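Here's the structure, in structure tokens; my notes come after.
What follows is calculated from the coordinates using simple rules that are stated; it is not laboratory data. Only a predicted model underlies this, so the values are computations on that prediction, with no experimental measurement involved. Neighbour counts run over all protein chains shown; Cβ positions are idealised from the backbone, glycine included.
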Amino acid sequence: MDEEIFEGKISRWFDGSGYGFIKAIPATFGKKDVFAHTSDFVEDSKPYEGMKVTFQMGMSRDGKSKAVNISRIE
């Protein structure tokens, strides 16, 4: 897992499914948003579109990139 911490904003969130996507600020990963799952939030906060967050990059079980250690920016 990468130790670098990124900032971003949740661009899309599907509350019923528990996942969404984060757009890094600035657009570190080009035009691609980063997958995020509710289980990867470090505190017990309810994600929503527009929420500002910090995160690190990790890998899912199927080898795809995803956000991990996601924290809400107050």
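Applying the Karplus parametrisation 6.51 cos²θ - 1.76 cosθ + 1.60 with θ = phi - 60° to the phi angles of region 59-74, what ³J(HN,Hα) value in whole Hz is obtained for each residue in order, glycine and proline being reported as x?
Result, rounded to whole Hz: 10, 7, 4, 8, x, 8, 5, 7, 7, 9, 6, 7, 10, 6, 8, 6.
Grab the beta carbon distance between Lys46 and Asn69, set R0 = 22 Å, and tell me the FRET efficiency rounded to 0.05.
That pair, Lys46 with Asn69, gives E of 0.80.
Would you mind calculating the relative contact order of region 13-74 from Cα pairs under 8 angstrom and at least 6 residues apart, reporting the percent as a whole number?
That works out to 31 percent.
What ranking do Asp15, Asp33, Asp44 get, fewest neighbouring Cβ atoms within 10 angstrom at the top?
Fewest-to-most Cβ neighbours within 10 Å comes out as Asp44, Asp15, Asp33.
Could you check what % of the DSSP bridge pairs in the chain are antiparallel, to the nearest 5?
Percentage antiparallel, nearest 5: 95.
Note down the magnitude of the dipole of the chain about its Cα centre, charges +1 on Lys and Arg C-beta and -1 on Asp and Glu C-beta and zero elsewhere, to the nearest 20 debye.
360
Order 37-43, 4-10 from most to least packed using the mean count of other Cβ atoms within 10 Å.
4-10, 37-43
Return the lysines within reach of Lys9: Cα separation strictly under 16 angstrom, same-chain partners fewer than 8 residues apart disregarded; answer none if there are no such residues.
Lys23, Lys31, Lys32, Lys46, Lys52, Lys66
Can you give me the distance in nm between label points at Glu4 and His37, each placed 7 Å from the Cα along the Cα-to-Cβ direction?
It works out to 2.4 nm between the two label points.
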